[in-house]
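The values are calculated or read from the model by the stated rules, or taken from the named source; none is laboratory data. Values in this document were obtained by computation on a predicted structure and should not be read as measured data. All Cβ positions, glycine included, derive from the backbone under ideal geometry; neighbour counts span all protein chains shown. These accessible areas exclude ligands, DNA and RNA; they are computed on the full protein's heavy atoms, side chains included. Shrake-Rupley method; radii C 1.70, N 1.55, O 1.52, S 1.80 Å.
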Amino acid sequence: MTAQAHRQHLTHLHSFLKVWTDIWSLEVLDYTEKRLNEIYPQTWVEYLDQLPPEELWKIDARKMPLESIGEQSFKNFLSEIHELIQISKILPQQLDKLPTWATTSVTEKKQHEVQTLAQFFKQHPELKNLQLMDIGGGVGHLARIMGLYYGMNFTTIDQDRKLQETGLKRLNKYPHPENPGKIKFVHGVLPTITSQEELAKSESRHLFCEHDFSIGLHTCGPLAVSHLKMAIEAQQKGVLNFGCCYYKMCHHQDTHLSEHARTVPLDFTPFGLTLATRGHDEMSWNKYLLKERVKAFRYAIHLYLNEELGVNHIRSVGDSRPREYWGEFGPYAQAKLAKFDFPSTQSSKLTATQLQKYFDSSITQKRIRKMYLQNIIRWRLGRPLELYLLRDRAAYLEENGKKSYVLEFFEEKLSPRNIGVFGVDEEKVPKTKFFI
Ligand SMILES: C[S@@+](CC[C@H](N)C(=O)[O-])C[C@H]1O[C@@H](n2cnc3c(N)ncnc32)[C@H](O)[C@@H]1O
């Protein structure tokens, strides 16, 4: 990838996303009915409303072929998204067979991620032989598997001592193969206030300087930003980062890292960052039905609080077990509302029957159906938002002397945060071209 390609992609993402800012920057719950009707195209909502449930599910789970979309401007919207989220994939990896104890109690998701990365490094010996570090390594599956079975030297750093103790026990529990790499667990907290001065003062700085290459596998929120900044500050030879939980970032401080993104900025909000974190996996039919039901309950409580009780400061009433959503709304809502301290004239008088009647009324049903359909539209904007954040990170690496790439590494259905931002200093790593 060239710096120009990053800039171009950021510019395209910006032009598209900017138009839909009102939709992605706030949730449907944040708007009045009138405003929702203004910002969500009515023809799209009407089109979605007449589709059978299976087709709505297919649209939501990205299983619906674009040519089957029967509303032209909605089809254009989805086609544009489809184009914008295409990025290069690393080739499917033939995974090695490891001893069973290498992966005992390691989730299928983590096995897939670690093994894919191991193959990637195996194919690039110029990276494999470097001194590697794993940022936010948790129990250290990545360092343990790549160190023991692929002979790489790995230091794993995490702020959580308990996770690291568990990882160390695990490392010593089973037999080691011949010629393993050196594996070190280091406790450390990376600063997440990432001014240049803070980074230079950070205790973790020397670790970055002692290692050539750092990997951050699902570095949540601002940790991804610290990781990239510290790798640059320490002039490491390369870096590979997978972000997650974007909503934990500060929407002012941790976005628009590159100069180019600052020329095409987006008005990020915590809700926009939450949307970027949304799973884009292939949702099963049953999961979809549960989601629809959960949303119906949540919207109905929200409308009741706002419009019947005049309470508008409560956003979340907490999660419940799936079976509670398959029961009646009345008792569910009564139990939820009883937890809040409303004036007695309000909450104590609410009966389950009254709440059920409110839920069943055709007006409420129409409202929650519409909000759900509007959300089907909104959810589509998650992946382009994520790509804007990641492309910005790649452009930032490029502006700081690293050849950088945005690549899909993992299978999305196993690992939804499957895009890695990869950067190398081509003068220090003896290979000039990793990808076209
Ligand atoms: C989402 S988990 C990922 C763990 C592991 N890399 C994996 O893929 O399974 C993020 C890890 O980062 C660690 N972490 C978060 N913020 C950190 C910080 N500022 N410094 C060091 N570790 C941090 C957490 O303790 C946690 O183990």
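Tabulated values for the structure
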| read-out | value |
| --- | --- |
| Accessible area (Å², 1.4 Å probe, nearest 10) - Glu411 | 90 Å² |
| Rounded, prolate or oblate (a/c below 1.5 giving rounded, otherwise prolate when a/b exceeds b/c) for the stretch 362-436 by Cα gyration tensor | prolate |
| Entries in Lys63/Lys173; Lys75/Lys402; Lys34/Lys349 that, when Cα-Cα distance is taken, lie over 32 Å | Lys63/Lys173; Lys75/Lys402 |
| Extreme residue, positive dipole direction of the chain, given options Leu303, Val225, Gly167 (C-beta unit charges) | Gly167 |
| Residue-averaged [θ]222 nm for the chain, counting only DSSP H segments that reach four residues, each worth -39500 (n - 2.57) | -15000 deg cm²/dmol |
| Area of Cys244 that stays accessible when all protein chains are in place (1.4 Å probe, Å², to 10) | 20 Å² |
| Gyration tensor (alpha-carbon) shape descriptor, the stretch 266-328, a/c threshold 1.5 | oblate |
| Shape of the chain, Cα gyration tensor, a/c cut at 1.5 | prolate |
| Solvent-accessible area per residue, Å², over the stretch 286-436 with all protein chains present [probe radius 1.4 Å] | 46 Å² |
| Whole-percent carbon and sulfur share, accessible surface of the stretch 256-353, 1.4 Å | 51 percent |
| Ser316-Gln365 pseudo-label distance in nm [points 7 Å out on the Cα-to-Cβ vector] | 3.1 nm |
| Thr156 long-range amide H proximity, modeled H, under 5 Å | Asp134, Lys184, Phe185, Val186 |
| Heavy-atom accessible area ranking, 1.4 Å probe, most first, across Ser79, Ser404 | Ser79, Ser404 |
| Rg to Rh, two decimals, where the stretch 221-371 supplies the alpha carbon set and Rh follows Kirkwood | 1.13 |
| Surface share of carbon and sulfur [accessible, 1.4 angstrom probe, percent] for the stretch 10-102 | 54 percent |
| Calculated FRET value between Leu289 and Gln72, using beta carbons and R₀ = 25 Å, to 0.05 | 0.30 |
| Of all DSSP beta bridges in the chain, antiparallel share, percent nearest 5 | 30 percent |
| Flagged links, alpha-carbon separation over 31 Å, of Lys184/Lys248; Lys58/Lys366; Lys89/Lys237; Lys110/Lys370; Lys18/Lys89; Lys182/Lys229 | Lys110/Lys370 |
| Length added when fully stretched, Ala3-Lys184, from 0.36 nm per residue minus Cα-Cα | 61.6 nm |
| Exposure of Thr32 as accessible area (Å², to 10), given a probe of 1.4 Å and all protein chains | 90 Å² |
| Lys162 versus Glu54: modelled label distance in nm, points set 7 Å from Cα along the beta carbon direction | 4.6 nm |
| Cβ-placed point charges (K, R +1; D, E -1), dipole of the chain about Cα centre in debye, nearest 20 | 880 debye |
| Given charges at Cβ of Lys, Arg, Asp, Glu: the chain dipole, positive-most of Leu397, Trp285, Phe271 | Trp285 |
